[in-house]
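Peer 1: Input: one structure, supplied below.
The values are calculated or read from the model by the stated rules, or taken from the named source; none is laboratory data. Source: prediction; values computed, not measured. In this analysis, Cβ positions are derived from the backbone assuming ideal geometry, glycine residues included, and neighbour counts consider all displayed protein chains.
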Amino acid sequence: MPGGLNIAALARRTGVPPDTLRKWEQRYRILLPDRTAGGQRRYSERDVARVEWLRERLEQGYRIGEAARLLGTIGVEPARSAGDHVRSLIDAMGEPTELGIRLDQSFALLGVDQTLAEVIQPLLRTIGERWERGELNVADEHLVSEAVRSRLGHLLADAGGGVHGVAVLACAPGEHHELGLMMVAIALRRDGWKVAYLGADTPVRDALALADRLSARVVGVSLASEERAAGLEALTDGGTALVVGGAGASPALANELGGVYAGPDLHDAVETVRAFAA
């Protein structure tokens, strides 16, 4: 006979009445109890965690339907910390719908700033390392990247900001890795900048021309490898401040180009650009 809690014990553990638990189970399929030989439900510690997670979301003001959707599929232990969310997303690789649900869960529960810095950045770093070691194929890497890109694109559609001035952000010529730059754009908008986001493989002259038209205070350029620096000489024209970032950037390279290094992570990049607003 399976062990576990009956519904009365589950209600005592979680503070959620039995009638409510039954409704949640039937309507939203958030629980999947085992059955005794006599057909009685027996709930696991996983079920306890899921009910407690839902109760916490309701206390924060979520509707039960919204909370149940964010919780995700049956059998998944709810993520609580940023590290939990990263592991949850890695476990969901190969499942596009589940990846989307878990990304939405991260943004809803942790907020934009923490999700960008503590979930998406470590996630992309881990995916990249696994791909380099041959543990992931291109399809797996692209699946995660496109799920992240979709969520970041929605956030970039917000046209807010402008208190600190204009920042033009672009990837170096030939550079197609833009997720890091998208995160910087979102973080800068939330920090009060008006961001003109140009995206991947941007001609230098076009970026500078736009910066001139917009009277931009900062031009930010991202490159994933040092090889992409070859097309950046034209940025040293003495105009707007240049900030260079990405995995291919370094303090030495930024100095050669007449700019400043953004730093190794998202927080540093925002702080570097913020210095120009002082």
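Peer 1: How do the pairs read when you match residues in the stretch 15-33 that are within 16 Å of Arg57 (Cβ to Cβ) and in the same structural domain as Glu56 (by TED's automatic domain parsing) with residues anywhere that are modelled with pLDDT under 90 and among the basic types (Lys, Arg), using Cβ under 7 Å and keeping only pairs 6 or more apart or on different chains?
Peer 2: Cβ pairs passing all conditions: Ile30/Arg50; Leu31/Arg50.
Peer 1: Just to verify a result, which residue in the stretch 1-60, among those that are buried (at least 17 other Cβ atoms within 10 Å of the Cβ), in contact with an Asp or Glu (Cβ under 7 Å, 6 or more places away or on another chain) and not in a helix (DSSP H, G or I), is modelled with the highest pLDDT?
Peer 2: Arg42
Peer 1: Any residue in the stretch 222-233 that is out of contact with any Gly (no Cβ under 8 Å at 6 or more places or on another chain) and in contact (Cβ under 8 Å) with a residue 60 or more places away in the chain?
Peer 2: Yes: the stretch 222-233 contains one or more residues that are out of contact with any Gly (no Cβ under 8 Å at 6 or more places or on another chain) and in contact (Cβ under 8 Å) with a residue 60 or more places away in the chain.
Peer 1: I would also like to ask the following. State whether one or more residues within the stretch 154-167 are in contact with a Leu (Cβ under 7 Å, 6 or more places away or on another chain), at pLDDT below 95 and farther than 24 Å from Phe107 by Cβ.
Peer 2: Within the stretch 154-167, one or more residues are in contact with a Leu (Cβ under 7 Å, 6 or more places away or on another chain), at pLDDT below 95 and farther than 24 Å from Phe107 by Cβ.
Peer 1: From the list Glu129, Glu178, Glu141, pick out the single residue that is closer than 25 Å to Asp104 by Cα, of a type in the set (Asp, Glu) and buried (at least 21 other Cβ atoms within 10 Å of the Cβ).
Peer 2: When all the criteria are applied, what remains is Glu178.
Peer 1: Now, a different point. Mind listing just one residue for me: the one in the stretch 118-136 that is of a type in the set (A, V, I, L, M, F, W, C) and in contact with an Asp or Glu (Cβ under 9 Å, 6 or more places away or on another chain) and, of those, farthest from Ile90 (Cα to Cα)?
Peer 2: Result: Trp131.
Peer 1: Consider Thr97 carefully, then state whether it is hydroxyl-bearing (Ser, Thr, Tyr), closer than 30 Å to Val138 by Cα and free of Cβ contacts under 8 Å to residues at least 12 places away in the same chain.
Peer 2: For Thr97, the condition - hydroxyl-bearing (Ser, Thr, Tyr), closer than 30 Å to Val138 by Cα and free of Cβ contacts under 8 Å to residues at least 12 places away in the same chain - is met.
Peer 1: Go through (1) in contact with a Gly (Cβ under 7 Å, 6 or more places away or on another chain); (2) surrounded by fewer than 18 Cβ atoms within 10 Å (Cβ to Cβ); (3) not aliphatic (A, V, I, L, M) one by one and return the number of the condition Gly94 breaks.
Peer 2: Here Gly94 clears every test but (1).
Peer 1: For the stretch 192-206, indicate whether the set of residues that are closer than 26 Å to Glu118 by Cβ, touching a strand residue (DSSP E or B) at 6+ places or on another chain (Cβ under 9 Å), buried (at least 22 other Cβ atoms within 10 Å of the Cβ) and not assigned by TED's automatic domain parsing to the domain that holds Arg125 is non-empty.
Peer 2: Yes.
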